[in-house]
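Structure first, commentary second.
The values are calculated or read from the model by the stated rules, or taken from the named source; none is laboratory data. From a predicted model like this one, the values you see are computed outputs, not experimental measurements. Glycine gets a Cβ as well: all are built from the backbone with ideal geometry, and neighbour counts include every protein chain shown.
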2 protein chains.
Amino acid sequence: MDDPQSYHMTPEEFRTWGHRVVDWIAAYWQGVEARPVLARVQPGEIRAGLPAHPPQQGEPFGTVLADLDRLVMPGVTHWQHPAFFAYFPSNVSGPAVLAELLSAGLGVQGMAWITGPACTELETHVLDWLVEMLDLPPAFRSGSTGGGVIQDSASSAALSAIVAARERATGLESDRRGCDGRLVAYASTQTHSSIEKAVRIAGLGKENLRLIDVDARFAMRPEALAAALAADRAAGKVPCFVVATVGTTSSNAMDPLPAIGPICREHGVWLHVDAAMAGTAMLCPEFRHLQAGLEWADSYCFNPHKWMFTNFDCDCFWVADRAALVRALSVLPEYLRNQATESGKVIDYRDWQIPLGRRFRALKLWFVIRHYGTEGLQHHVRQHVAWAQELAGWIAADPDFELVVPPPLNLVCLRHRGGDTVNQAIMDRLNAGGEMFFSHTRLRDQLVLRLSIGQTWTERRHVERAWRRIREVGREIAG
Amino acid sequence: MDDPQSYHMTPEEFRTWGHRVVDWIAAYWQGVEARPVLARVQPGEIRAGLPAHPPQQGEPFGTVLADLDRLVMPGVTHWQHPAFFAYFPSNVSGPAVLAELLSAGLGVQGMAWITGPACTELETHVLDWLVEMLDLPPAFRSGSTGGGVIQDSASSAALSAIVAARERATGLESDRRGCDGRLVAYASTQTHSSIEKAVRIAGLGKENLRLIDVDARFAMRPEALAAALAADRAAGKVPCFVVATVGTTSSNAMDPLPAIGPICREHGVWLHVDAAMAGTAMLCPEFRHLQAGLEWADSYCFNPHKWMFTNFDCDCFWVADRAALVRALSVLPEYLRNQATESGKVIDYRDWQIPLGRRFRALKLWFVIRHYGTEGLQHHVRQHVAWAQELAGWIAADPDFELVVPPPLNLVCLRHRGGDTVNQAIMDRLNAGGEMFFSHTRLRDQLVLRLSIGQTWTERRHVERAWRRIREVGREIAG
C-alpha cells in the first residue's frame, strides 16, 4: 500500500490475528460445556462495563480480543453448549464457519448474476442438490418451473411467499393499487408467530388471518380449514394463502398435507409449507412420510441453520412457480441493468427476496454437504431422533411426569404432574443453575416443558443427565 | 466426544483448516489486484463444472478448498478489487472479518435479550456510539425516546420504517384490518428502488407511491412534495411516508431536509432518511452540512457495509420513537415469553425488524470502531473524497468529457460528449478488459458513467489509472 498513514489491518496482521481468532473459537467449542448455558447477567450489566464514548484513536487488536473475553463473554448465552435444549437449536460446525469466513473475506454481493456469477450459480446448484437429498417435489428444481433461493430466515421466506400469493390471487392488482382488506390467510393455532407477522407486514391485517383449530396432536384440522375457506368466499373475502407446518415450534405437530393440499388447490389458494426445523430430518428416508403431500405446496422452506450444522443465517426456500415470486418482488432500476439480465438466461436473486443485497451463503451449504456427505448428516440426525425417542420412553415410564405428545422426531414435550407452578419452578431452577437450558410452551392451556435434542455437540450423556436432573429437581420441588 | 462415528470436524481439525483459510484470505487480498475485476464467465459456466449430484460420503476438507479455487473463483466478481468502482462498494476489512468469524463461531441468536444479553446490549451501545460519531439527533439515542438497531440492509430498514409509518397514520387500523388503498408514500424520482419494493411489499400499491420531481442537481423539490401531499389529502388519500435521500444511488443527490422536514411535520407524515452510502461521510465534521435538517427525521439509516469497512450485512437503522416501531412489529408467542421481557427493562430486537432470528452483528461494528478509532475512519473517508474531487477536476478540464454533476462526496458522474453509444462502448470495453469495473445510470435521459471511489484497498493510483484508461478508450472509440 502506498499510503504510509493507512489504518487498515495489513494482510500480515490479519494472518497473525486470524490464527489467534481461529484458536479462540476452537478453544471455545472445546470448553463451552464448562460454561453456564444461560448468561448470568442482569439487564444493563454488559453495557455498564463498556466505555460511554467511542475511541478517538484506534486500539491494538489484542486489547479488543481481551475485552471480548472480559466484557462480552459474561453476557453470552451459549447456543453451542451441548446442553442447549431451548427453542430450536442454531447450530454451527467447522466447515460452515470456515465457509462463512471465506464469504466474509471475498465480500461478494450476489444481488444479480453479474455481480457474483459463482455466488448465484452455486446457490442454484446446491438448492437443486437439496431437492434430491430431501426428496422434494421435482417442480422445485431450477430446471423445472420452480427453483430455490437462500433467505435469511423462515420469517422472510414466509413474507416472500405471502406477497407472491397475494399477487397471484389479485392478478397483481394489490401490487398496483394496494391491499383492500378482502385478502385472507390461514394457518393453524399452532403456527409460528412469523406468519402473523408476515400477514401484518404484507398489509392483509391480522383480523384477516384465520387461526384454524387443531386435533389432539395439535395438527391442523383440514375440515376446519375447508369450512373457513368456504365461509370467507361466501362472505366476499378473497382467500389467498394457507400455511401448513411440518413440525410446529410448540410440539412438533405435523399438519396433514395430503388433506390440506387438495383443499387449497380447489380454492386456488397458495399453499406454503414451513418445515423450518423438521425439514432436515428428511435427509433420512425413514422420516419422509412426515412430508407426504408436499407435492401440493406452492412454496416450502426449511432452515439448515437450525439442525443441519450450517450457521445462521441460512433458510432454504423453494417455489413451484418462480414466475409468480419474481413478478411480485422484481425491481430493475437503470443502475442495475446489464446484458446478462436482459438476456433472460440468468437468475438475479434480488428478485426472489425482500432485500437487495445478499452474501455468498451458498458456500456454507456447499462446504457442509461436501464435508459431511449425505451419510454424515443422516448419522447425526438419526442419533438426535433416537435420543429424543429414548427420553420420551423414560418420561412415559415415570409416574411423576407426563409425555404431552409422542414426539414425531427430536422435540420432546413433557410436564410434571404437579401443575404449572411446579413446572415453572423446575425450569427456572435448572436454567438458573447453568447446567442446561430449555424453554416452555403452552398446550391444552397447561405449561409444558420442551427439550429440543439437536445441538451439534449434544451427546447421549447430555440427554440422560438432563432427564436425571429434571426428575431430581421435580422431586425436590413437588416433594 | 464419545461418538466414535462422529462426522463433525474436530476442534483440532478446525485449527488446522482455519489457519489455512485465514492464510487463503490474506493471500487473496494481497493478490486480488492481479485478477480481472468482473468475472469472465458465461451464464451456466460455473454450474457446468459442478457435479450433478450431491456426495453420499463426506470429502476431505483440502479437496473442498482446492475446488473453491478451481471451480468457484473463476466465477467471482471481485468486490474487494481496488479498481472496483461500480454501484456502491461492499467493503471488508481485517477487524470486521475476524468479528464475523467470531460471531459465526459463537452462533448466538439475538432475537430477544435473554437469548443473547451481550448481543443485544453491545448493539444498543455501539449504535449510541455512532449517534455521537456521526452527530445524529439526540432522539435517536437509546436513553431518549428512540434507539438504533442493526438491519441486514437499507431495504429492510425502509420496509420496517414504512410499516411503522403506516400504523402511525392509521392508529394500527391497517395492522388489524389490512390496508385499504388510501395510504400514500412519497419519494423523489431518484430514490433507490428498494423504496418502491417496500411500498409494494407493505401493501400500499405502487400507484400510491408518488415520485416527486427533482431540481437540476437531482434533489427533491420540496414545493413539489408539498403540492403532492396537499393534492392527496384533498382527494381523501392518507399520506403516511416520505423518503428523503442523503446521497442518491444514481448521482449522490442530497434531498433538502431543512425544507422537507417541516412539510412532513405539517402533514403528520413519517419522514425516513436514507443515507445508505453517504452516511459514513458524516464521521467527518466538514461533511455534516449535508445532513442538516436530520432532526426532522422519524427514522434514518446508513450502511457501514458499504463505506465503513464493515462487511455485509450491517445497516444501522435509528428511530426517534421506538414505541411506534415496536407496536408495528412486535409478536410474543408463549414459547418466547420470559421474565426479562415481562420486566420491560430490556430490548428484544426481534420487535425492531422483519425476521425473528438475528446474528451477533454488533461485534463487527465494535471491532471496526475500536481498530480504526474515529480518526482512522475519518482518514480513509477523507482520502476517498479527495481523490473523487481530483477526478472531478480532471474531468471538468477535459474537452471530450463532461462532469454531469459536481460530486458532493465520492461518487463521480461523467460522460463522454460523444453520446450514449460511445459511453456504453467505453464502459463495456473497460469492464470486459478486467482492469476495472464501473457501472452506469441515466440522468437527463442520457447514459452516464458512475465511478464510486470508496473501496477499502483503493489508492490514488487506481483512480488516476481509471481516468487515464477512460480517456484513452474514449479516444480510441470516438476517434
Go through segment A:395-451 and report how many residues are among the aliphatic types (A, V, I, L, M) and assigned to a loop (DSSP other than H, G, I, E, B). 5
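I'd like to check something: does segment A:457-478 contain any residue that is closer than 21 Å to A:Thr248 by Cβ, of a type outside the set (Lys, Arg), touching a strand residue (DSSP E or B) at 6+ places or on another chain (Cβ under 6 Å) and outside the structural domain of A:Ala219 (by TED's automatic domain parsing)?
No, that holds for no residue.
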Hits in segment A:187-234 - residues which are within 25 Å of B:Ser330 (Cβ to Cβ) and assigned to a loop (DSSP other than H, G, I, E, B): A:Thr189, A:Gln190, A:Thr191, A:His192, A:Ala202, A:Gly203, A:Leu204, A:Gly205, A:Phe218
Residues that are in contact with a helix residue (DSSP H, G or I) (Cβ under 8 Å, 6 or more places away or on another chain), among the charged types (D, E, K, R) and touching a residue at least 40 places away in the same chain (Cβ under 8 Å): does segment A:461-472 have at least one? no
Looking at this structure, is A:Glu207 within 13 Å of another protein chain (Cβ to nearest Cβ), surrounded by 17 or more Cβ atoms within 10 Å (Cβ to Cβ) and without any contact (Cβ under 8 Å) to a residue 24 or more places away in the chain? no
Over segment A:262-277, the set of residues of a type in the set (D, E, K, R) and either buried (at least 24 other Cβ atoms within 10 Å of the Cβ) or assigned to a strand (DSSP E or B) (or both) is A:Asp274
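Of the residues B:Thr280, B:Thr310, which single one is of a type in the set (Val, Ile, Thr), buried (at least 24 other Cβ atoms within 10 Å of the Cβ) and more than 12 Å from chain A (Cβ to nearest Cβ)?
B:Thr280
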Taking segment B:428-439 and keeping residues of a type outside the set (S, T, N, Q), within 13 Å of chain A (Cβ to nearest Cβ) and surrounded by 21 or more Cβ atoms within 10 Å (Cβ to Cβ) leaves B:Phe437, B:Phe438
Would it be correct to say that A:Leu68 is in contact with a strand residue (DSSP E or B) (Cβ under 7 Å, 6 or more places away or on another chain) and assigned to a helix (DSSP H, G or I)? no
Residue ID - nearest to A:Ser90 (Cα to Cα), chosen from residues in segment A:434-460 that are without any contact (Cβ under 8 Å) to a residue 40 or more places away in the chain and touching a Leu at 6+ places or on another chain (Cβ under 6 Å): A:His440
Tally the residues that are farther than 16 Å from A:Val319 by Cβ, of a type outside the set (A, V, I, L, M, F, W, C) and either buried (at least 23 other Cβ atoms within 10 Å of the Cβ) or at the interface with chain B (Cβ under 7 Å from one of its Cβ atoms) (or both), restricting the search to segment A:103-139. 12
When you scan segment A:88-96, do you find a residue that is farther than 18 Å from A:Phe312 by Cβ and either more than 7 Å from chain B (Cβ to nearest Cβ) or surrounded by 24 or more Cβ atoms within 10 Å (Cβ to Cβ) (or both), even just one? no
Conditions (1) surrounded by 15 or more Cβ atoms within 10 Å (Cβ to Cβ); (2) facing chain A (nearest Cβ under 7 Å); (3) not basic (Lys, Arg): number failed by B:Gln56: (1)
Pair list, Cβ under 6 Å, 6 or more apart: segment B:156-173 residue touching a residue at least 12 places away in the same chain (Cβ under 8 Å) and assigned by TED's automatic domain parsing to the domain that holds B:Asp274, other residue surrounded by fewer than 24 Cβ atoms within 10 Å (Cβ to Cβ) and of a type outside the set (A, V, I, L, M): B:Glu167/B:Asp175
Is at least one residue of segment B:373-381 surrounded by 17 or more Cβ atoms within 10 Å (Cβ to Cβ) and more than 14 Å from every other protein chain (Cβ to nearest Cβ)? no
Specify the residue that is farthest from A:Thr115 (Cα to Cα); the eligible residues are those in segment B:436-456 that are charged (D, E, K, R) and in contact with a strand residue (DSSP E or B) (Cβ under 8 Å, 6 or more places away or on another chain). B:Arg442
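Taking segment B:305-323 on its own, how many of its residues are in a helix (DSSP H, G or I) and out of contact with any Phe, Trp or Tyr (no Cβ under 8 Å at 6 or more places or on another chain)?
Narrowing segment B:305-323 to residues in a helix (DSSP H, G or I): B:305-307, B:322-323.
Restricting the remaining residues to those that are out of contact with any Phe, Trp or Tyr (no Cβ under 8 Å at 6 or more places or on another chain) gives B:323.
Final tally of qualifying residues: 1.
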Of all residues making up segment B:199-222, the number that are closer than 17 Å to B:Val273 by Cβ and either in contact with a Ser or Thr (Cβ under 7 Å, 6 or more places away or on another chain) or of a type in the set (S, T, N, Q) (or both): 4
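Given B:Phe61, B:Phe84, B:Phe14, which one is more than 9 Å from chain A (Cβ to nearest Cβ) and buried (at least 19 other Cβ atoms within 10 Å of the Cβ)?
B:Phe84
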So, first residue in the same structural domain as B:Pro239 (by TED's automatic domain parsing) in segment B:265-294, second residue charged (D, E, K, R) and in a strand (DSSP E or B), Cβ within less than 9 Å, six or more apart or across chains; the pairs are B:Ala276/B:Asp315
Taking A:Ala297 as meeting all but one of (1) touching a Lys or Arg at 6+ places or on another chain (Cβ under 7 Å); (2) among the hydrophobic types (A, V, I, L, M, F, W, C); (3) more than 13 Å from chain B (Cβ to nearest Cβ), write down the number of the exception. (1)
Count of residues meeting criterion [in a helix (DSSP H, G or I), of a type in the set (A, V, I, L, M) and at the interface with chain B (Cβ under 8 Å from one of its Cβ atoms)] in segment A:335-362: 2
So, in segment B:452-471, of the ones that are within 11 Å of chain A (Cβ to nearest Cβ) and not in a strand (DSSP E or B), which residue ends up nearest to B:Ala388 (Cα to Cα)? B:Arg460
Checked against (1) of a type in the set (Val, Ile, Thr); (2) crowded, with 22+ Cβ neighbours inside 10 Å; (3) within 24 Å of B:Arg337 (Cα to Cα), A:Thr189 satisfies every condition except (2)
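For segment A:167-186, which residues satisfy the criterion of being in a loop (DSSP other than H, G, I, E, B), surrounded by fewer than 24 Cβ atoms within 10 Å (Cβ to Cβ) and either more than 9 Å from chain B (Cβ to nearest Cβ) or not small (Gly, Ala, Ser) (or both)?
To start, the set of residues in segment A:167-186 that are in a loop (DSSP other than H, G, I, E, B) comprises A:171-172, A:178-182.
Filter again for surrounded by fewer than 24 Cβ atoms within 10 Å (Cβ to Cβ), leaving A:171-172, A:180-182.
Correct list: A:Gly171, A:Leu172, A:Asp180, A:Arg182.
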